[in-house]
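J.: Here you go, one structure.
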Amino acid sequence: MSAKLNALNSDTYTDVSQYRDQHFKGNRYEQEKLLKQSNTLYVGNLSFYTTEEQVHELFAKCGDVKRIIIGLDKIKKTACGFCFVEYYTRGDAENAMRFVNGTRLDDRIIRTDWDAGFKEGRQYGRGKSGGQVRDEYRQDYDPARGGYGKLAQQHRTTEVRNTF
Amino acid sequence: MSRRRHSDENDGGQAHKRRRTSEPIEIEDRLESLICRVGEKSTSSLESNLEGLAGVLEADLPNYKNKILRILCAVARLLPEKLTVYTTLVGLLNARNYNFGGEFVEAMIRQLKETLKNNLYNEAVYLVRFLSDLVNCHVIAAPSMVAMFENFVSVTQEEDVPQVRSDWFVYVVLSCLPWVGKELYEKKDVEMDRLLSQVEGYLKRRVKTHVPMLQVWTAEKPHPQEEYLDCLWAQIQKLKKDRWQERHILRPYIAFDSVLCEALQHNLPPFTPPGHMPDAQYPIPRVIFRMFDYTDAPEGPVMPGSHSVERFVIEENLHCIIKTHWKERKTCAAQLLSYPGKNKIPLNYHIVEVIFGELFQLPSPPHLDVMYTALLIELCKLQPGSLPQVLAQATEMLYMRLDTMNTTCIDRLINWFSHHLSNFQFRWSWDDWADCLSVDLEKPKPKFVKEVLEKSMRLSYHQRIVDIVPTTFSALIPAEPIFTYKYMDESSSSLPGYPASITVGNAIKNRATNEEILAILKEVPNPNQEDDDDEGESFNPLKIDVFLQTLLHLAAKSFSHSFSALGKFHEILKALTDSDEGKLHILKVVYDVWRNHPQMIAVLVDKMVRTQIVDCAAVANWLFSQDMAHEFTRLYIWEILHSTIRKMNKHVQKIQKELEEAKDKLEKQQHKRRDSGDDEDMDKNSEDEEGQLEEQIERLQEKVESAQSEQKNLFLVIFQRFIMLLTEHLVRCETGGIDISTPWYKNCIERLQQIFLMHHVTIQQYMGTLENLLFTAELDHHILAVYQQFCALQL
């Protein structure tokens, strides 16, 4: 009787994405298993100025937050636009994927994704310049994320030099 | 194929991978998909899609009959918003295959019995409604449906059963009549009249003590907040007066009338409602939320009146759509906006009303609050030219009626509005609300604005709030959330704790050990004692003050810093808070230093409860203490209290679960032993294991009892405090000859209500104690009324 129709159980907002952490210690199967059980979310596209307090206020709407780890520039040790949010239960994290992912925090549309679990070292950006990889290569100007991308910044400096 | 980006193309997630091979599973999935999707947007008409699908299914009956039965039964239960689409489908199948029709009806009856047995009363309503619409499709004979209704209504004659039981049976019958009233009256008007007269009698004798507790507004104007059965009865009365003419429901079966009326009908087997069981959980009563009428939607189609059956059907269907699609907000928004018949009604108004109705529902919304915020944002995205305006209009109306709005509902409005604004750059016409500045700031309107600004600040930052409101609103702007350090600088050097604060501060900065710090603290004089206590162990408020103020000051930078500090010095904090006075004082100090940052207070208290530096009762006592009286009406106080109660509840549940698991393990172990035969060694090991498990169970049993005792005590403390505060106020007003209804009183009495409503499941267990110890007849009737209304929810 408790017939559940697959077609009606759609819950795509909580699906695991295509992203896999290249630094993950273990094989793909293990990583996927952890992603499917995880209570931890990666949160991206934050402003560099977004605080732990703001993240907490938003994500606490989905349940009790166990901890928040703000992502840091590896060299400067300042916030570099991402964080991890860990809940006590997976159900609460699923609600964050359903209702917070794709909405705004600090005026920016943020993106949440399942994370296999925080490990020491994962709070640092992996870009060459110390921030996130995406900030190395982007071409646009984003005042909340340090202005131009790092590569674009270098080109600009070169350009200025060449003009003179 | 180009690499897919995770954009808005899909609703949030991945497209399903297509399987290459055609297996039975594949065909079953296809059948499910075909059936579930019929009625959705299509290039062909609904009628031709139904015709086509009926043909396909008829052809598949020889091989997949059971599967098809199962799917159809499931959609009847799970897709009530598409009721008439599926009854038409069943009608077509019955016309082509009489036996299948009969088997389907039998399967539905079986399913109905199962859902009732499993306390799934809401789903059972949809099943009965489906059966009743099958009368319209010539699948079920009208007289047998009337007979079922007669059996349902006869439940009202039962004695010594909870009112909510007979309520449900009456509700089911009434709620089917919009669909099938006409047909049943045409065939069996005498019986139907008798039925309705029985219902009328029942509704007149019903007890309605519970209603005030469930109303969103206490005012009857502009829209009465009607009890759900009263409203439905009025709607059915009106429908009857209109000779059962109902024009809103989409009825695809009408197009197939020539085919369907050739079909043979089945009789419903006689259905006796299952008897009342003590563990039955009938749905609790509701109040119908209304905030709009036809005057509010000035242009376009007219909004059906509050007692029109159209209003009932529209609201039912919109609620069902939300229930089906709440997990996928884009789909949910799209489905709501493509409601069939939307051109004849002011759909945006209905949608906004239904959504707020759910958000404000008492005791609690059907879904998580934040779902509604996300859904409204999606709706605004899909209808940017019309929905935001309706939403703004709604917000304005809600603001205007704040004076009579239930405090719990105001809380939810605050949270929704601030979160919503944070997604739209906090754009709002604050000046429109300038009227709130000229009244006592404790009144609901300025209080609301103040709380909204505070929550908005939490999602942004102080300067932002200063920038977004007119300067006239400065009295309502929250304080800057900065630390208040008593031992700041030389100007505080005369304070008794000042020297110690410097020493302790330096010790912490130089990574002194706990022993060293405790030694420093031992030297702190105790203002509560004349001479030195030999042990220096008794409660010394100054010690706590100096240590905690200094520690939290050093860790003030962020939540993480403060949590880290609490963790690092857990040992010291535990030692300092050994007594109840110590626990109370630590909370006092936390408030002292962070009084401008309620969010920080909340997270610190949470951490301290979780790490057992303070216990739940201490938090309750602190919140109700005289020191916190001036904060008593602020939202954050109640968020802390409810969070604390929830932690207590989860703690009890956790241990109960451990106990159940241990018991299960023991049972399995015992079965294993019984089945394993005569192996002596195995026996011995088994016995040992069992012995260990039994010990563990005993320990867990004690733990559960102790936790439950703590939980009961927490509620007792809270209720006792409420009673004391309220009684004091009532007596003072009486002797002074002043009106009891101050803003403080309204807040306090509704906060008491809120405790009952938010934790009713847990409180049920302790009703006996509460009634004997606290909510006795000697209590002031204002306070007792709250308790009685709560009890009435379960009748």
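Any read-out appearing in this document is the output of simple, stated calculations on the displayed coordinates, not a laboratory observation. No experiment lies behind these values; they were computed from the predicted model shown. Cβ: placed from backbone, ideal geometry, glycine included. Neighbour counts: every protein chain shown.
J.: If each of B:Ile482 and A:Gln154 carries a label point 7 Å out from its Cα toward its Cβ, how far apart are those two points in nm?
T.: Roughly 4.2 nm, to one decimal.
J.: Next question, about the same structure. Starting from the Cα of B:Asn267, step 7 Å along the direction of its Cβ; do the same at B:Asn151; then give the gap between the two resulting points in nm.
T.: 1.3 nm
J.: Still on this model: Subtracting the Cα-Cα distance from 0.36 nm times the residue separation, let me have the gained length for B:Met400 to B:Ser558 in nm, one decimal.
T.: Taking 0.36 nm per residue and subtracting the Cα distance, the gain is 53.1 nm.
J.: Over chain A, what lengths in whole Å, largest first, do the semi-axes of the equivalent ellipsoid take, defined as the square roots of 5 times the eigenvalues of the alpha-carbon gyration tensor?
T.: Calculated on Cα positions only, the semi-axes equal 33, 17, 16 Å.
J.: Of B:Phe563, B:Ser306, B:Asn514, which is farthest on the positive side of the dipole of the protein assembly as shown, counting Cα position, with +1 on Lys and Arg Cβ, -1 on Asp and Glu Cβ, and the Cα centre as origin?
T.: B:Ser306
J.: Can I ask one more? Give me the dipole magnitude in Debye, nearest 20, for the protein assembly as shown about the Cα centre, with unit charges on the beta carbon: positive for Lys and Arg, negative for Asp and Glu.
T.: With only Lys, Arg, Asp and Glu charged at Cβ, the dipole is about 3860 debye.
J.: Dipole magnitude of the stretch A:13-125 about its Cα centre, charges +1 at Lys/Arg Cβ and -1 at Asp/Glu Cβ only, in debye to the nearest 20?
T.: The calculation lands at about 340 debye.
J.: Calculate, in whole percent, how much of the Cα-Cα pair population of the protein assembly as shown lies beyond 45 Å.
T.: Tail of the P(r) past 45 Å holds 41 percent of the pairs.
J.: Between the stretch B:385-403 and the stretch B:410-484, what is the separation of their alpha carbon centroids in Å?
T.: 17 Å
J.: Continuing with the same structure: Considering the zone a paramagnetic label at B:Phe632 would reach in this model (a point 7 Å from Cα along the Cα-to-Cβ line), which residues of the stretch B:707-730 have amide N under 11 Å from it?
T.: B:721-730
J.: With 10 angstrom as the radius, rank A:Glu159, B:Glu396, B:Glu690 by how many other C-beta atoms surround their C-beta, starting from the fewest.
T.: A:Glu159, B:Glu396, B:Glu690
J.: Same structure again: What is the percent of Cα-Cα separations in chain B that go past 46 Å?
T.: Percentage above 46 Å: 38.
J.: Follow-up question, since we're still on this one. With chain A treated as a Gaussian network of Cα nodes joined by springs under 10 Å, which of A:Gln18, A:Gln31, A:Gln54 yields the largest mean-square fluctuation?
T.: The residue with the greatest mean-square fluctuation here is A:Gln18.
J.: Something else: Roughly what would the spin-label model give for B:Lys182 and B:Val302, points 7 Å off Cα along C-beta, in nm?
T.: Spacing of the two 7 Å Cα→Cβ label points: 2.0 nm.
J.: If you don't mind, another one. Enter the mean number of other protein chain beta carbons within 10 Å of the beta carbon of each residue in A:102-109, as an integer.
T.: If you average over the peptide's residues, the count of other-chain Cβ atoms is 5.
J.: For B:Glu778 and B:Arg595, calculate 0.36 nm times their separation in residues minus their Cα-Cα distance, and state this gained length in nm to one decimal.
T.: 62.1 nm
J.: Could you work out the relative contact order of chain B? I mean the mean sequence separation of Cα pairs under 8 Å and 6+ apart, divided by the number of residues, in percent.
T.: 10 percent
J.: Where Rh is the Kirkwood radius over the Cα pairs of the stretch B:310-476, the temperature 37 °C and the viscosity 0.692 mPa s, what D in µm²/s does Stokes-Einstein return?
T.: In µm²/s, the coefficient rounds to 195.
J.: Kindly flag which residue pairs out of A:Lys77/B:Lys588; B:Lys522/B:Lys583; B:Lys657/B:Lys712; A:Lys77/B:Lys455; B:Lys574/B:Lys703; B:Lys381/B:Lys445 have an alpha-carbon separation exceeding 26 Å in this structure.
T.: A:Lys77/B:Lys588; A:Lys77/B:Lys455; B:Lys381/B:Lys445
J.: Just name one of B:Tyr485, B:Pro388, B:Tyr253: the one whose Cα is farthest towards the positive end of the charge dipole of chain B (beta-carbon charges, Lys/Arg +1, Asp/Glu -1).
T.: B:Tyr253
J.: Using the beta-carbon distance between A:Asp140 and B:Leu382 and R0 = 30 Å, what value does 1/(1 + (r/R0)^6) give for FRET efficiency, to the nearest 0.05?
T.: That pair, A:Asp140 with B:Leu382, gives E of 0.65.
J.: What's the average, rounded to a whole number, of partner chain beta-carbon atoms within 10 Å of each residue's beta-carbon in B:209-220?
T.: 0
J.: On to the next question. What is the mean projected area of the alpha carbon convex hull for the stretch B:268-355, to one decimal in square nanometres?
T.: Average of the hull's projected areas for the stretch B:268-355 equals 8.9 nm².
J.: Let me ask something else about it. What is the antiparallel percent of DSSP beta bridges lying wholly in the protein assembly as shown, to the nearest 5?
T.: Counting only bridges with both partners in the protein assembly as shown, antiparallel ones make up about 90 percent.
J.: Ok, one more. First measure r as the distance between the Cβ atoms of B:Asp675 and B:His276, then evaluate 1/(1 + (r/R0)^6) with R0 = 60 Å and state the FRET efficiency to the nearest 0.05.
T.: According to the calculation, E is roughly 0.90.
J.: What is the mean number of Cβ atoms from other protein chains located within 10 Å of the Cβ atom of each residue in peptide B:366-376, rounded to a whole number?
T.: 4
J.: Still on this model: So for the stretch A:1-139, averaging the separation of alpha carbon pairs under 8 Å that are six or more residues apart and normalising by length, what relative contact order in percent results?
T.: Relative CO of the stretch A:1-139 lands at 29 percent.
J.: Assigning unit charges at the beta carbon (Lys, Arg +1; Asp, Glu -1) and nothing else, what dipole magnitude in debye, to the nearest 20, does the stretch B:403-497 show about its Cα centre?
T.: 300 debye
J.: If R0 is 60 Å, what FRET efficiency do you get for A:Arg20 and B:Glu734 from their C-beta distance, rounded to 0.05?
T.: Taking R0 as 60 Å, the efficiency between A:Arg20 and B:Glu734 is 0.30.
J.: How do B:288-300, B:417-429, B:168-180 rank on mean C-beta neighbours within 10 Å, highest first?
T.: Output ranking for B:288-300, B:417-429, B:168-180: B:168-180, B:417-429, B:288-300.
J.: Further question on the same structure: Over every pair of different alpha-carbon atoms in the stretch B:27-261, take the mean of 1/r and invert it; report that Kirkwood radius in Å.
T.: With all distinct Cα pairs of the stretch B:27-261 included, I get 19.2 Å.
J.: Next question. Output the Kirkwood hydrodynamic radius of the stretch B:407-498, Cα pairs only, in Å rounded to one decimal.
T.: Value: 14.9 Å, from the Cα pair sum.
J.: Further, regarding this structure: With point charges of +1 on the Cβ of Lys and Arg and -1 on the Cβ of Asp and Glu, referenced to the Cα centre of the protein assembly as shown, which listed residue (B:Ile351, B:Leu716, B:Leu666) lies farthest in the positive direction of the dipole?
T.: B:Ile351
J.: What three numbers, in Å, describe the spread of the alpha carbons of the stretch B:302-345 along their principal axes, ordered from the longest?
T.: Extents along the principal axes, in whole Å: 32, 19, 11.
J.: Jot down the per residue volume, in cubic angstrom and as a whole number, of the convex hull over the alpha-carbon atoms of the stretch B:701-751.
T.: It is 55 Å³ per residue.
J.: Now a separate question. Can you pull the Kirkwood radius for the stretch B:398-442, inverse mean 1/r over Cα pairs, to one decimal in Å?
T.: For the stretch B:398-442, the Kirkwood estimate is 11.9 Å.
J.: Using Cβ contacts closer than 10 Å as the measure, can you line up B:Met648, B:Met758 from fewest to most?
T.: B:Met758, B:Met648
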